[in-house]
Amino acid sequence: MDSYHNHTDFSDAKTPLAEMVAAADLAGLDEFGVSDHLVLHPEGKIFEWAMPPERLDEYAAEVRRVSRAAHRPVRLGVEADFFPATVARLSALLSRYPFDYIIGSVHFAGDFLVDEKRKPWENLNEEERQAKWDRYWDLVAQLARSRAFDFVAHLDIPKKFGHRMTEEAPAPALAALDAIAEAGMAVEINTSGWHQPCREAYPAPALLEEARRRGIPILINADAHDPAHVTRSYGPALLLARLAGYTQTVRFKGRRRSFVPL
Ligand SMILES: [Zn+2]
Ligand SMILES: [Zn+2]
């Protein structure tokens, strides 16, 4: 198995990269990838949970340094937020580095951070919540159409605090999946959702089945912010993938993909 969605002290985790890679060795992973947060906000806002773009040189060099001593391939990834207004600048910036993969994330529906706090969701009425969901799915579709990313992070993350969609697979979610399929992108089963108030991996089983029906490849990732979590809940994730009809996972090297049997 691989683990491609992991954070270090370059962004919002406390652990240095070398320790995360040591954890990957202990877990017996085939490939390990690091994907710290990068945010190019349209208004230039800075977020302490993201790596400043000025640190990309150091980040890429550290991945190269650590990978030389590692027992398995260490892939250079990044979890970059999608904004329609900055995606061209993001692509130009990232093209200067030898990334193996680029994860596209939608954490922002406009000014609304969908996964930061429970309170803002509680302050919305049901109609406003569904409007946030619609906005989210529209941004995911735009993310796919931008062709700037290799896979989408934690699809359906707005459910994190338990504020779900009214339907299992509403039209805007299906339209986003269509766009992902059209772009030849993958999605991840992100196991961190099982450890959040929603108590469900991202995406929900119904959406995973819709992804499989469209031939969208998957990865299994833990979104680890702690060395103990690099393969957290991989057992249930494997089961979920098989139940949805998946027989393989995708991996990336130099932004080219290959497949491994599940
Ligand atoms: Zn994320
Ligand atoms: Zn993440």
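The values are calculated or read from the model by the stated rules, or taken from the named source; none is laboratory data. No experiment lies behind these values; they were computed from the predicted model shown. Cβ placement follows ideal geometry from the backbone for every residue including glycine, while neighbour counts extend to all protein chains displayed.
Condition check: in a helix (DSSP H, G or I) and either within 16 Å of ligand 2 (Cβ to nearest atom) or surrounded by fewer than 20 Cβ atoms within 10 Å (Cβ to Cβ) (or both). Does residue 58 satisfy that? I'd like the intermediate steps shown before the answer.
Values: in a helix (DSSP H, G or I): yes; either within 16 Å of ligand 2 (Cβ to nearest atom) or surrounded by fewer than 20 Cβ atoms within 10 Å (Cβ to Cβ) (or both): yes.
Yes: the conditions hold for residue 58.
Could you tell me which of the residues 158, 172 is of a type outside the set (A, V, I, L, M), in a helix (DSSP H, G or I) and surrounded by 21 or more Cβ atoms within 10 Å (Cβ to Cβ)? Walk me through it before giving the result.
On the way: 172 fails: surrounded by 21 or more Cβ atoms within 10 Å (Cβ to Cβ).
When all the criteria are applied, what remains is 158.
Among the listed residues 153, 141, which satisfies the condition of being buried (at least 23 other Cβ atoms within 10 Å of the Cβ), of a type outside the set (S, T, N, Q), within 18 Å of the chain's Cα centre (by Cα) and at pLDDT 95 or above?
Numbers: 141 fails: buried (at least 23 other Cβ atoms within 10 Å of the Cβ).
Only one candidate passes the filter, namely 153.
Is it the case that some residue within segment 60-73 is in contact (Cβ under 8 Å) with a residue 60 or more places away in the chain and closer than 30 Å to residue 133 by Cα?
Here is the first cut: in segment 60-73, the residues in contact (Cβ under 8 Å) with a residue 60 or more places away in the chain are 73.
If we keep only those that are closer than 30 Å to residue 133 by Cα as well, we get none.
No, there is no match, as no residue in segment 60-73 is in contact (Cβ under 8 Å) with a residue 60 or more places away in the chain and closer than 30 Å to residue 133 by Cα.
When both residues are 6+ apart or on different chains and their Cβ atoms are under 6 Å apart, which pairs have a first residue that lies in segment 154-168 and is under 22 Å from residue 221 (Cβ atoms), and a second that is part of a loop (DSSP other than H, G, I, E, B) and among the small types (Gly, Ala, Ser)?
Within 6 Å, the pairs are 156/204.
Under the condition of being within 16 Å of ligand 2 (Cβ to nearest atom) and among the small types (Gly, Ala, Ser), which residue from segment 102-129 is farthest from residue 251 (Cα to Cα)? Steps first, please.
Going through segment 102-129, the residues within 16 Å of ligand 2 (Cβ to nearest atom) turn out to be 102-108, 113-116.
Adding the requirement that they be among the small types (Gly, Ala, Ser) leaves 104-105.
Values: 104: 15, 105: 18 Å.
Applying the filter and picking the extreme gives 105.
Restricted to segment 77-107, and to residues that are assigned to a strand (DSSP E or B) and within 11 Å of ligand 1 (Cβ to nearest atom), which residue is nearest to residue 146 (Cα to Cα)? It would help to see each step written out before you state the result.
Filtering segment 77-107 down to residues assigned to a strand (DSSP E or B) leaves 77-81, 101-105.
After this cut, where a residue has to be within 11 Å of ligand 1 (Cβ to nearest atom) as well, the list is 79-81, 103-105.
Numbers: 79: 15, 80: 13, 81: 12, 103: 13, 104: 10, 105: 13 Å.
Out of the qualifying residues, it is 104.
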